[in-house]
Amino acid sequence: MVKHIISTRDLERDAIDTLLDKAITISKKWPDNRPLQGKILGLLFFEPSTRTRMSFESAMLRLGGTCLNLGGPEVSSVSKGETLADTIRVVNGYVDALVLRHPRIGAAQMACEFSRVPVINGGDGSGQHPSQTLIDLFTIRESMPLDDIQVGMIGDLNYGRTTHSLAYALAKYEATIHTVTPDGLGFPRSVIDNLADMNLQIIQHQTIEEIVDELDVLYVTRIQRERFPDVASYLHVASGYRIFPELFDNVTKNLIILHPLPRLDEIDPGVDSLPYAKYFRQSDNGIPVRMAMLTDVLG
Amino acid sequence: MKGEKYRQGLVISTIKDGTVIDHITGGEALNVLRIIGITGTTQEMVSIATNVKSTVMGKKDVVKIGNRELSREQVDRIALIAPRATINIVRDYDVVEKKGVSVPDTIIGIVRCPNPCCITNAGEPIQTRFVMEPRGLVCSYCDWVLSCDITSHFL
Ligand SMILES: [Zn+2]
């Protein structure tokens with residue numbers, strides 16, 4: 001059976017743990033036997049995402065495989081009106097596995113229904129982003145066990161797919177999520193309902209100060225300028241969701257601060273030197289985690 | 001004689017051959033016709049009774065369609081808006097088959113996803129797929145929950 005990685009909601013906890021274990025093994029000792037030599041990974045990106053694309057590419061090269069950049073809409077047949085389903089069927093002949101990034105929710109789910117080779121979801125609209133979530137979990141697990149943790153999420157949780165994906169995964173580890181968001185940028189209704197079905201507790205807070213001292217993990221996200229009618233209203237709202245070094249004066253020693261990057265100005269650079277700041281570490285972890293995902297579907 | 005009941009018991013005329021859909025949720029008869037594709041311009045002979053007194057349901061609607069038997073897929077559609085409906089297939093004035101409707105666990109190609117960002121609304125060669133859950137119909141592609149006004153989303 002062809003193995004796909006589409007959503008952290010569908011992945012069993014055991015499967016997540018296995019992937020994370022594999023990533024730990026890889027991060028401790030880089031595989032030197034080029035396990036994916038001769039394999040070709042197709043990168044099919046319909047939305048710009050340099051980071052995700054480059055880190056999958058780097059992970060594949062480190063495993064001894066090669067990458068084929070299948071391009072975005074401007075270089076592919078999509079601009080001639082080809083459906084995604086047809087594109088998937090055609091590029092199946094070129095590659096051994098695919099990473100797909102697409103603006104529509106459910107694109108990766110559909111792609112795997114048409115694909116004979118493994119599909120890894122590299123982000124589908126405001127849907128899922130499982131590789132980022134595995135990186136987040138991996139980084140948390142470097143500092144603490146994943147069970148029963150208090151996770152704060154601040155910023156835009158409506159459009160931010162990384163937070164949806166992470167929340168679904170955390171539900172499997174009985175976490176509690178504390179949210180701090182501007183009006184209208186909380187979790188979408190469907191995500192709240194799904195999380196409730198999974199018995200995940202979500203507690204909303206007005207300010208980050210209210211809760212920061214009790215958190216194990218603080219997950220910071222970008223509030224995008226394009227969500228606001230003008231720069232002034234963006235600046236006005238976003239300033240309330242920025243984090244500063246003083247915020248962390250009384251936090252627990254084990255707290256870690258994560259951010260999917262790139263950041264705008266939601267994290268003051270003064271935070272970078274605090275021992276809690278793990279977002280660059282998190283970014284580095286992208287390579288072993290993606291290597292684990294690739295060996296999992298191609299191995 | 002099973003047919004006897006239908007000749008005498010109902011406020012609308014009997015049919016010789018066709019389908020009687022009974023115990024439709026009160027007021028939903030016209031929606032039932034719409035979702036099985038019967039409009040004023042189709043050929044079937046149709047009688048409708050709305051808000052008929054029912055000992056079990058209080059009020060119910062009844063629809064009779066001459067010379068037509070419903071497919072499984074059409075029956076499934078009815079289940080979505082009238083879960084207590086019963087389907088009676090009539091041949092030569094006798095009810096030859098009586099079946100309840102049951103809401104399928106997965107509803108394929110019947111309801112359109114209201115989420116404009118969903119891949120099912122992008123002209124791809126796929127059918128919509130919804131899973132029936134207690135909170136409503138959940139899109140298998142984008143997780144959108146459709147909990148009210150399902151009729152206006154029928155394809
Ligand atoms: Zn949908």
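We did not get these values from a lab; they are worked out from the coordinates using the rules stated. Model, not experiment: these values are computed from the prediction. Ideal geometry is used to build each Cβ from the backbone, glycine not excepted, and the neighbour counts take in all protein chains shown.
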Close lysine pairs (chain A; alpha-carbon distance under 22 Å; 8 or more apart or on separate chains) counted at 10
Among the range A:258-277, those whose backbone N falls under 15 Å of a label point 7 Å along Cα→Cβ from A:ASP284 are A:273-277
Amide H proximity to A:GLY152 below 5 Å, modelled H, separation 5+ or other chain, gives A:HIS178, A:ASP216, A:VAL217, A:LEU218, A:TYR219
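Please work out how much length the chain gains when fully extended from B:GLN127 to B:ASP149, using 0.36 nm per residue of separation minus the C-alpha to C-alpha distance, in nm with one decimal.
Details: separation 22, 0.36 × 22 = 7.92 nm, distance 2.02 nm.
Length difference between fully extended and current span is 5.9 nm.
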Everything considered on the Cα gyration tensor (a ≥ b ≥ c; rounded for a/c under 1.5, else prolate if a/b is larger than b/c, else oblate), the range A:100-255 must be described as oblate
Here the whole-number average of other chain Cβ atoms within 10 Å per Cβ of A:101-113 is 6
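Loop-only check: which GluC sites (Glu not before Pro) in the range A:101-183 are DSSP coil with at most 14 other Cβ within 10 angstrom? Don't skip to the answer; put the middle values down first.
Details: sites: A:GLU113, A:GLU142, A:GLU174; in loops: A:GLU174.
Within the range A:101-183, the qualifying GluC sites (Glu not before Pro) (loop, at most 14 other Cβ atoms within 10 Å) are A:GLU174.
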Rounded to one decimal in nm, the spacing of the 7 Å Cα→Cβ label points at A:LEU261 and A:MET144 is 2.2 nm
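Given Cα pairs under 8 Å that are at least 6 residues apart, what percent is the relative contact order of chain B? Mind showing how you got there, number by number?
Details: 297 pairs, mean separation 34.6, N = 155.
Relative contact order comes out at 22 percent.
On full extension of the chain, what length is gained from B:THR14 through B:MET45, given 0.36 nm per residue of separation minus the C-alpha to C-alpha distance? Don't jump to the answer; show the numbers that get you there.
Values: separation 31, 0.36 × 31 = 11.16 nm, distance 1.14 nm.
Extra length from B:THR14 to B:MET45 when fully extended: 10.0 nm.
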Residue-normalised 222 nm signal for chain B, counting each DSSP H run of n ≥ 4 as -39,500 (n - 2.57), nearest 500 deg cm²/dmol, is -4000 deg cm²/dmol
In Å, the C-alpha Rg and Dmax of chain A are 19.2, 58
Computed from the beta carbon distance with a Förster radius of 56 Å, FRET efficiency for B:ASN67 and A:LYS28 to the nearest 0.05 stands at 0.15
Given backbone amide H placed at 1.01 Å from N, residues whose amide H is under 5 Å from that of B:SER54, ignoring those fewer than 5 places away on the same chain, are B:LYS59, B:LYS60
For the range A:161-259, listing trypsin sites (Lys or Arg not before Pro) in a DSSP loop whose Cβ sees at most 12 other Cβ atoms within 10 Å gives A:LYS253
GluC sites (Glu not before Pro) in the range A:192-299 lying in a DSSP loop, each with at most 14 other Cβ atoms within 10 Å of its Cβ, come to A:GLU209, A:GLU210
Once phi for every residue in the range A:95-100 is put through the Karplus expression 6.51 cos²θ - 1.76 cosθ + 1.60 (θ = phi - 60°), the whole-Hz ³J(HN,Hα) values, with Gly and Pro written as x, are 9, 9, 7, 10, 10, 10
Of all DSSP beta bridges with both partners in the protein assembly as shown, the antiparallel percent, nearest 5, is 50 percent
The extension gain from A:GLU82 to A:ASP10, computed as 0.36 nm times the residue separation minus the Cα-Cα distance, is 23.0 nm
Toy charge model, Lys and Arg Cβ at +1, Asp and Glu Cβ at -1: the protein assembly as shown dipole around Cα centroid in debye, rounded to 20, equals 1560 debye
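Rank by packing, highest mean first: peptides A:99-110, A:23-34, with packing defined as the count of other Cβ atoms within 10 Å averaged across residues. Kindly include the intermediate steps, with their values, before the conclusion.
Working: A:99-110: 26.5, A:23-34: 13.2.
Answer by packing, highest mean first, reads A:99-110, A:23-34.
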Label model pair A:ARG116, A:MET54: point-to-point distance (7 angstrom along the Cα→beta-carbon line) in nm is 3.5 nm
Candidates A:ASN92, A:ASN121, A:ASN250; GNM for chain A (alpha-carbon contacts under 10 Å) flags as most fluctuating A:ASN250
Largest fluctuation, A:LEU137, A:LEU247, A:LEU200 only, Gaussian network model of chain A with Cα springs under 10 angstrom, belongs to A:LEU247
A correct Karplus calculation of ³J(HN,Hα) over the range A:285-299, with 6.51 cos²θ - 1.76 cosθ + 1.60, θ = phi - 60°, whole Hz and x for Gly and Pro, returns 5, x, 6, x, 5, 6, 5, 5, 5, 5, 5, 5, 7, 9, x
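Below 8 Å, C-alpha to C-alpha, sequence gap of six or more: please give me the relative contact order for chain A in percent.
Values: 548 pairs, mean separation 63.1, N = 299.
Computed over chain A, the figure is 21 percent.
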Under a Gaussian network model of chain A whose springs join Cα atoms within less than 10 Å, the largest fluctuation of A:GLY64, A:GLY184, A:GLY160 belongs to A:GLY184
For the A:GLN224, A:VAL2 Cβ pair and Förster radius 35 Å, calculated FRET efficiency rounded to 0.05 is 0.50
Taking Cα atoms only, helix A:161-171 is inclined relative to the longest principal axis of chain A by an angle, in degrees rounded to 10, of 80 degrees
Within chain B, excluding any GluC sites (Glu not before Pro) found in a DSSP loop (not H, G, I, E or B) and having at most 16 other Cβ atoms within 10 Å, the longest uninterrupted segment runs B:70-155
Taking a crude spin-label model, label points 7 Å out from Cα along the C-beta direction, the A:ASP197 to A:VAL231 distance in nm is 4.4 nm
